[in-house]
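Below: one structure, written as C-alpha cells.
The values are calculated or read from the model by the stated rules, or taken from the named source; none is laboratory data. Note that this is a predicted model, so its numbers are computed, not measured. With ideal geometry, Cβ positions are generated from the backbone for all residues, glycine too; neighbour counts draw on all protein chains shown.
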Amino acid sequence: MTRFQVVDPFAGPGIDNLFRGFFQPVRREGDAPLAIKVDVTENDKGYVIHAEIPGVRKEDIQVTIEANQVTIGAEVKRETERKDGERSLLTERYAGAVYRSFTLPADLDEQASEAKYENGVLELKLAKKAVVAGRKLAIQ
C-alpha cells in the first residue's frame with residue numbers, strides 16, 4: 001500500500017529560521033560602538049585628519065593633543081522621548097561615548113593647530129612643532 005504525505009513548504013522550522021534574524025539589528029543595545037574612522041595625510045607643515053563622527057553636535061566633541069598623540073572623543077546623544085501611544089520597534093543607533101586615539105610621527109604644536117566640524121566630518125589641521133636645532137656648548 002502506498003501512502004502519500006502532504007508537505008507544506010512554509011510550515012516547520014526551515015522557513016521560520018530563514019526569516020527569524022531578518023529584522024534583528026546588526027548591533028544590539030549594549031554592544032560597543034563602531035570606531036571613529038579617520039583619514040590622515042601629511043605635508044611639510046603638518047597633518048590633516050578627517051574623522052567621521054555623524055550625528056554629533058560640535059559642542060560634544062573633544063580633541064586632545066599631547067606631544068605626538070591625538071585623541072578624538074565625542075558624546076553621542078539620542079532623543080528617547082516617545083509620544084503617547086508610540087512604541088519602539090527597532091533601535092539600532094548608538095548612544096554613549098566614542099573615542100579614537102593614535103600617535104603621529106612628529107610632535108604637534110597645539111597653538112598653531114585648527115579644528116572644523118561640518119556635515120558629520122571633523123577636520124583637524126595639526127601643525128608640526130618646529131625642530132629646534134641643537135646648540136653648541138662653549139667649552140671652558
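Scan segment 92-112 residue by residue and report those that are under 22 Å from the mean Cα position of the chain (by Cα) and within 12 Å of residue 68 (Cβ to Cβ). Don't jump to the end; show me each part of the working.
So the first thing to find is which residues in segment 92-112 are under 22 Å from the mean Cα position of the chain (by Cα), and the list is 92-104.
Once the filter is applied, which keeps residues that are under 22 Å from the mean Cα position of the chain (by Cα) and within 12 Å of residue 68 (Cβ to Cβ), segment 92-112 yields 101, 102, 103, 104.
Which of the strands (runs of 3 or more DSSP E) contained wholly in segment 45-140 include at least 1 residues that are at pLDDT below 90, aliphatic (A, V, I, L, M) and closer than 23 Å to residue 35 by Cα? First the steps, then the outcome.
Working: elements: 46-52, 61-66, 69-76, 96-103, 108-118, 121-128.
Result: 69-76, 96-103.
Across segment 43-80, the qualifying residues are those that are among the small types (Gly, Ala, Ser) and surrounded by 15 or more Cβ atoms within 10 Å (Cβ to Cβ), and the one among them that is nearest to residue 96 (Cα to Cα) is 74. The sole residue among 13, 25 that is modelled with pLDDT under 65 and in contact with an Asp or Glu (Cβ under 7 Å, 6 or more places away or on another chain) is 25.
Annotation note: Cβ proximity below 6 Å between a residue of segment 40-69 that is under 27 Å from residue 95 (Cα atoms) and a residue that is not in a strand (DSSP E or B) (sequence gap 6+ or interchain) occurs for 51/36; 53/36; 54/120.
Within segment 106-113, can one find any residue that is loosely packed, with under 12 Cβ neighbours inside 10 Å and out of contact with any His (no Cβ under 8 Å at 6 or more places or on another chain)? So far as segment 106-113 goes, yes, one or more of its residues are loosely packed, with under 12 Cβ neighbours inside 10 Å and out of contact with any His (no Cβ under 8 Å at 6 or more places or on another chain).
Test of understanding: among 70, 131, which residue is under 23 Å from the mean Cα position of the chain (by Cα) and among the aliphatic types (A, V, I, L, M)? Give the steps one after another, and end with the answer.
Numbers: 131 fails: under 23 Å from the mean Cα position of the chain (by Cα).
After applying the criteria, what remains is 70.
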